[in-house]
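The values are calculated or read from the model by the stated rules, or taken from the named source; none is laboratory data. Values in this document were obtained by computation on a predicted structure and should not be read as measured data. Note that we place each Cβ from the backbone using ideal geometry, even for glycine, and neighbour counts take in every protein chain shown. In case anyone asks, the SASA skips ligands and DNA or RNA and just uses the protein heavy atoms, side chains included. Shrake-Rupley method; radii C 1.70, N 1.55, O 1.52, S 1.80 Å.
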Amino acid sequence: MKNLIIILLTLITSVTYSQVIDYDSFDNNLIDSLVFVEINSYRVESGSPQLIYSEVLHNGLSRYITGVLVKQQSAGHPDGTEALNNINDEVYSEIQNKFPNKVLYKSVEKYAEVSLKTSKKPEKFTTYQELATYLVNLWKNSTGHNLIIKRWGRTGEGVIGISSGSVQIGDYDWKGRTYVGIYASFQISVNYLD
């Protein structure tokens, strides 16, 4: 019975990771979770602590920021202060509930961010897992972005990184043609548990 459960979990995992991207029915939740896992794996390999996922941060900030990137067709850093102010108490409560025997130092008031814009590249990725790996590799190959995803929230006793990210599809206009654009952002807020 135990072997059967292991086989079923392995099959489910491999099917999820090998799911071919359907751009007409893009699975944002799947790619967002795979990017998060990919970044955490990279951090562990690099000796940094894993990030703590916040669904509230994801829904209230990450999706907002990436949505702005899609509208602007850019890979900049739009101001998310107002969006964060609207959810910071809720993020605080969410994270505090994950660590009931500790005290979270402060509300989530600021964050570091990486973002990017790329286009559909079938020669580089056809599955969601390949896309997640491709996106994280783009950040890893950029010195400033790499520093943030690899080391932000790394030093000090009780330091934690509260984070989330979003990947969205949108138009990508270039030289008079419109392509399938892939926009991504990932936010990390440093906090302390005592």
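Yes or no, residue by residue, for (1) at pLDDT 95 or above; (2) within 18 Å of Tyr111 (Cα to Cα):
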site: Leu30; (1), (2): yes, no
site: Val37; (1), (2): yes, no
site: Asn40; (1), (2): yes, yes
site: Ser48; (1), (2): no, yes
site: Val56; (1), (2): yes, yes
site: Arg63; (1), (2): yes, yes
site: Gly67; (1), (2): yes, yes
* Structure fact -> Filtering segment 106-134 down to residues that are open to solvent by less than 50 Å² (accessible area, probe 1.4 Å), under 30 Å from Leu193 (Cα atoms) and in contact (Cβ under 8 Å) with a residue 24 or more places away in the chain yields Val108, Ala112, Glu113, Val114, Ser115, Ala132
* Take Ser74 and decide whether it is outside any helix (DSSP H, G or I), without any contact (Cβ under 8 Å) to a residue 60 or more places away in the chain, in contact with a Lys or Arg (Cβ under 9 Å, 6 or more places away or on another chain) and not basic (Lys, Arg). => yes
* Give me a count of the residues in segment 77-129 that are assigned to a strand (DSSP E or B) and either at pLDDT below 90 or among the hydrophobic types (A, V, I, L, M, F, W, C) (or both). => 4
* Those residues of segment 171-193 which are modelled with pLDDT of 90 or more, within 24 Å of Ala83 (Cβ to Cβ) and either over 22 Å from the mean Cα position of the chain (by Cα) or open to solvent by 80 Å² or more (accessible area, probe 1.4 Å) (or both), in sequence order -> Asp171
* Checking Gly161 against (1) modelled with pLDDT under 95; (2) open to solvent by 10 Å² or more (accessible area, probe 1.4 Å), which test does it fail? -> (2)
* Which residues, taken from segment 40-69, are open to solvent by less than 30 Å² (accessible area, probe 1.4 Å) and either hydrophobic (A, V, I, L, M, F, W, C) or free of Cβ contacts under 8 Å to residues at least 40 places away in the same chain (or both)? -> Asn40, Leu51, Val56, Leu57, Gly60, Leu61, Ile65, Val68, Leu69
* Can you name the condition, by its number, that Gln50 falls short on among (1) in contact with a Lys or Arg (Cβ under 8 Å, 6 or more places away or on another chain); (2) closer than 27 Å to Lys121 by Cα; (3) of a type outside the set (Lys, Arg)? -> (2)
* **Cβ-Cβ under 7 Å pairs, at least 6 apart or on other chains, segment 84-105 side aromatic (Phe, Trp, Tyr), far side assigned to a loop (DSSP other than H, G, I, E, B)** => Tyr92/Ser107; Tyr92/Val108; Tyr105/Asp194
* **segment 147-156, subset buried (at least 17 other Cβ atoms within 10 Å of the Cβ) and not basic (Lys, Arg), residue modelled with the lowest pLDDT** => Gly153
* Structure fact -> All-but-one check, Asp24 against (1) outside any helix (DSSP H, G or I); (2) surrounded by fewer than 13 Cβ atoms within 10 Å (Cβ to Cβ), failing number (1)
